[in-house]
Amino acid sequence: MSEARNIAQSKDARASQAALMPPVDVVEDSTGITLFADMPGVSKEKLDLHIEGDTLCIEGEVSLDIPEGMEPSYAEVNLSRYRRVFTLSKELDPAKVSAELSNGVLKLRIPKAEHAQPRRIEVRAG
Amino acid sequence: MFGSLFPRDVLAELDRLQREVQTSFDLSPSIRGLGRGGFPAVNVGGTPQSVEVYAFAPGLDPATLDVNLDRGVLSIAGERKRDLPVPDEKTAIHIHERFDGRFRRVITLPEDADPDSVAAQYRNGLLRITVKRRQAAQPRRIEIQ
């Protein structure tokens, strides 16, 4: 899995909008890849995950309860949208992706296709 | 320069450049170093009645969050557990950008903040703290006799 840095080339109109890049952890084991992404403020309804071909796109909208008439005085988070795009490699099975969102942390599990699972190859003495 | 003996990749250079630009724009940083890039990221806003603090702190158990208000200084402290497994010969960590470990962020509140009426709420990894302003400090229209 490698990160697609050519986001600007995407034809998707929303891709050209500025967005925050959520920090992620990616860990691979013998049966698949697990991805964690920090997306605080995103509810389940505002999370958008989609896979097109070999591209995985993670998007989310931050919902803040802002009282009427609030004047911002200091901001480290200046945008209200997260977006990050990854390119999946072909041994991963995009049909079997599972996702859970808890306390603003997205956990994605992308299993490897059956044929790509590790196999020990017997060496026969000739 | 020594730097050129060890050429770094373009992305690292861009990162350095971005930090330099940021430092030169932050003309008067607070003595508590409310610098960008800490965990959790913080936004602060105010209404005539209250001060609103939003801390972007995903993946925490609200019971372990420690929010304190002492002499006009608000502190948010806690610990974020590591989600990654201990690496062994079967696992490989490809990207590790998320914060883990203990954290503490301190925010100086305006003088009229009332330490007796503070409310904190944690939802979707977002901690929102509302500190009411003191009644006496709120704007009042004065009648002209």
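The values are calculated or read from the model by the stated rules, or taken from the named source; none is laboratory data. All figures in this text were calculated on a predicted structure; none of them were measured in a lab. Cβ placement follows ideal geometry from the backbone for every residue including glycine, while neighbour counts extend to all protein chains displayed. The protein model used for the area step is the full one, side chains on, heavy atoms only, and it has no ligands, DNA or RNA in it. Shrake-Rupley method; radii C 1.70, N 1.55, O 1.52, S 1.80 Å.
Skipping prolines and chain starts, which residues have an amide H placed within reach, meaning under 5 Å, of the one on residue A:41, given they are 5 or more residues away or on another chain?
So residue A:41 has HN proximity to B:125, B:126.
Under 12 Å Cα to Cα from residue B:81, which aspartates and glutamates show up? Leave out anything in the same chain fewer than 8 places away.
Partners within reach: B:61, B:100.
Run through the stretch A:25-116 and list the GluC sites (Glu not before Pro) located in a DSSP loop whose Cβ has at most 15 other Cβ atoms within 10 Å.
Details: sites: A:28, A:45, A:52, A:59, A:61, A:68, A:76, A:91, A:100, A:114; in loops: A:68, A:76, A:91.
Filter output for the stretch A:25-116: A:68, A:91.
Please work out the FRET efficiency for the pair residue A:30 and residue B:99, using the Cβ-Cβ distance as r and a Förster radius of 22 Å; give the result to the nearest 0.05. List each step's numbers first, then the result.
Numbers: r = 28 Å, r/R0 = 1.25.
Plugging the Cβ-Cβ distance into 1/(1 + (r/R0)^6) gives 0.20.
Of the candidates A:67, A:94, A:111, which one comes out as most mobile in a Gaussian network treatment of chain A with C-alpha springs shorter than 10 Å?
So, out of A:67, A:94, A:111, the one fluctuating most is A:67.
Just how much of residue A:21 is accessible, in Å², when a 1.4 Å probe is used and the result is rounded to the nearest 10?
120
List, in order, the whole-Hz ³J(HN,Hα) value for each residue of the stretch A:17-25 obtained from phi through the Karplus relation with A = 6.51, B = -1.76, C = 1.60 and θ = phi - 60°; use x for Gly and Pro.
Result, rounded to whole Hz: 6, 5, 8, 7, 9, x, x, 10, 10.
How big is the dipole moment of the stretch A:36-88 about its Cα centre under a simple scheme where the beta carbon of each Lys and Arg is +1, that of each Asp and Glu is -1, and everything else is neutral? Debye, nearest 20, please.
160
Magnitude of the Cβ-charge dipole of the stretch B:67-145, K/R +1 and D/E -1, about the Cα centre, nearest 20 debye? Please list the in-between numbers first.
Details: 16 positive and 12 negative charges, 41 e Å.
With Lys and Arg at +1 and Asp and Glu at -1, about 200 debye.
Can you tell me the convex hull volume per residue for the stretch B:70-128, based on C-alpha atoms, in Å³ to the nearest whole number? Let's see the in-between values first.
Working: hull volume 6.2 nm³, N = 59.
Given the Cα convex hull of the stretch B:70-128, per-residue volume reads 105 Å³.
Taking only the alpha carbons of chain A, what extent do you get along each of the three principal axes, in Å, biggest first?
So the extents along the principal axes, rounded to whole Å, are 81, 32, 23.
Taking the Cα centre of the stretch A:24-126 as origin and charging only Cβ (+1 Lys, Arg; -1 Asp, Glu), how large is the dipole, in debye to the nearest 20? Working shown, then result.
Working: 13 positive and 19 negative charges, 138 e Å.
The calculated dipole for the stretch A:24-126 is roughly 660 debye.
Can you tell me the Rg and the Dmax, both Å, for the Cα atoms in the stretch B:48-92?
Just the Cα atoms of the stretch B:48-92 yield Rg and Dmax of 16.8, 58 Å.
Hand me the tally of lysine pairs in the stretch A:34-114: alpha carbons under 25 angstrom apart, and the pair either on different chains or 8 or more positions apart.
On the way: A:44/A:96; A:44/A:107; A:46/A:96; A:46/A:107; A:90/A:107; A:90/A:112; A:96/A:107; A:96/A:112.
Lysine pairs satisfying the spacing and distance rule in the stretch A:34-114 number 8.
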